[in-house]
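Please read the structure below before turning to the comments.
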């Protein structure tokens, strides 16, 4: 492990920042649940946890950041808009037919 600034700088030049990590499925699920609960990506959550561990911190986890609109809600809103548009088109067609 690099202990002085020169060794740390040399180690940073030889590491890409990418890491393939294998873990038990249950641990993966637990980590994903924690990151969802905290409102951050799994990658961000693990990096923060590892950073705290390396720094020797055992303090509270970082505040969750607000997330955007969940994908399921976005899809539901789009489907709803399409259904309303189709219903409006049918209603207009029926009105036109009734007036004829």
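Points worth noting:
- Gain on full stretching of the segment that runs from residue 19 to residue 55 - 0.36 nm per residue minus C-alpha separation: 11.0 nm
- With both labels modelled 7 Å from their Cα along Cα-to-Cβ, the residue 84 to residue 47 distance reads 3.8 nm.
- Taking 7 Å steps out from each Cα toward its Cβ at residue 95 and residue 76 produces label points 3.0 nm apart.
Only the coordinates and a few stated rules stand behind these numbers; no lab work does. From a predicted model like this one, the values you see are computed outputs, not experimental measurements. No Cβ is skipped: glycine too gets one built from the backbone with ideal geometry, and neighbour counts run over all protein chains shown.
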